[in-house]
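Below: the structure, in structure tokens.
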Amino acid sequence: MRSVALGTRGPHRHNGQVTAILDAPAPALRIGPLALRSPVVLAPMAGITNVAFRTLCREQETRYSGTDAAGLYVCEMVTARALVERHPDTLHMTTFAPSEQPRSLQLYTVDPATTADAVRMIAEEDLADHIDMNFGCPVPKVTRKGGGAALPYKRQLFAQIVRAAVRAAEPAGIPVTVKFRIGIDEEHHTHLDAGRIAAAEGAVAVALHARTAAQRYSGTARWDEISRLKDHVSGIPVLGNGDIFDAQDAVAMMAQTGCDGVVVGRGCLGRPWLFAELAAALTGSPAPTPPTLGEVATVLRRHAHLLAAHHGPDRGLRDLRKHMAWYLRGFPVGSELRQQLALVSHLNELDRLLDQLDQDVPFPADAEGPRGRQGSPGKVALPAGWLDDPDDITVPQGAEINNSGG
Ligand SMILES: Cc1cc2nc3c(=O)[nH]c(=O)nc-3n(C[C@H](O)[C@H](O)[C@H](O)COP(=O)(O)O)c2cc1C
């Protein structure tokens, strides 16, 4: 059953198709025991969705909407093995702010036993309220060993890993969700089996990044595959992911695919207020006015302070640099000032540089459209003989990573 009404408020294009637009507010989203007022999820992004960025997104949503943050904000992924081995960097990545409710943690894992250990640790030490599992990573050093987006091809091993997580999470009542891609490449789609298996093993929602691993981040996400997954999986929410760069994209994805919620990644880079725009569009509220350059500078300052508190001032300010071009995109800022901002290393230097911006410039139309990582498609590196037997349950060796992405 489609969860949203289709209407005709206006046309919207995706993949060259004109799609219908929601004419009724999108319903709230239930992730097992967690009731979310908004069906919007901040996508886990390695190196981005740490406690500082999530706090900033929540604050912006509250500022614009006047209510508490309504969606789900997922932590950057942590590796199950590194968590179990208590690597200090990994433990630091599991930091949540006291205001974060629910606390959502993403696990990267390739092995049922380590998965169970990691989830038991999360439950016993009360590290999170929700666990998402990452089976979408296309990075060659990971797929070459059978990890990430290569793993769902091994149907039984995938089932064992999801089962291990669900069972270990059950005593604490922690819901488990699973995120994956369409498959390895055009010849090896795995999403329909992954959705069916995840639901059968007790996952409470699945999310599809509607690209194959071979596509990486190139081309356009194939929303029709989200519709297919929605038709294929029953009983649990199906979340759509890929190429939501503004509120209208989110509305269009829900209307076009019938998905129960949307997962938003690159679109919020340098635009943490996007969640307020998404929540407004999906609930039929008036769209908030996008920030002026002066208001963007205030958000940037706040991001810097949050990163400095999380990582310490040196690393915090270094980490901020990668966000700079995203924040300033489309604004008239001279190249010299941009360059200085991109190399900023102290909070007072940041203040001095931001003060030089023309505060009243309105949010530019040029800032719209795709942003963040794009890349080009490529053949997916796999272990020798990986495709021979989808039912092989041998745990891949050397596929644990410390930090990568999806
Ligand atoms: C910088 C970056 C880091 C990412 N890290 C992760 C990750 O740790 N776990 C994951 O499941 N996906 C990760 N992804 C993928 C996103 O969650 C999302 O699936 C993808 O960006 C497509 O959504 P979008 O079009 O809204 O960006 C990452 C993406 C980016 C751009």
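Here are some notes:
- Calculated P(r) tail over 27 Å for the chain, as whole % of Cα pairs: 49 percent
- Lys, Arg +1 and Asp, Glu -1 on Cβ, resulting dipole of segment 326-406 about Cα centre, debye, nearest 20: 260 debye
- Helix content alone sets the calculated 222 nm mean residue ellipticity of the chain: runs of n ≥ 4 DSSP H residues at -39500 (n - 2.57) each, divided across all residues, give -11000 deg cm²/dmol.
- P(r) histogram, all alpha-carbon pairs of segment 293-363 included - 10 Å bins from 0, percent: 21, 59, 18, 1
- Residue pairs, from the table Lys141/Lys379; Lys154/Lys179; Lys145/Lys379; Lys145/Lys230, whose Cα atoms sit over 20 Å apart: Lys145/Lys230
- Percentage relative contact order, the chain, counting C-alpha pairs under 8 Å, at least six apart: 20 percent
- Cα principal axis extents for segment 68-178, largest first, Å: 40, 29, 28
- Estimated inter-spin distance, His232 and Asn348, nm [label 7 Å along Cα→Cβ]: 5.9 nm
- Shown for segment 193-306 is the translational diffusion coefficient from the Stokes-Einstein equation, using the Kirkwood radius over Cα pairs, a temperature of 20 °C and a viscosity of 1.002 mPa s: 137 µm²/s.
Laboratory data are not the source of any read-out in this text; all were calculated from the coordinates shown. Only a predicted model underlies this, so the values are computations on that prediction, with no experimental measurement involved. For neighbour counting, all protein chains shown are included, and Cβ atoms are generated from backbone atoms with ideal geometry for every residue, glycine included.
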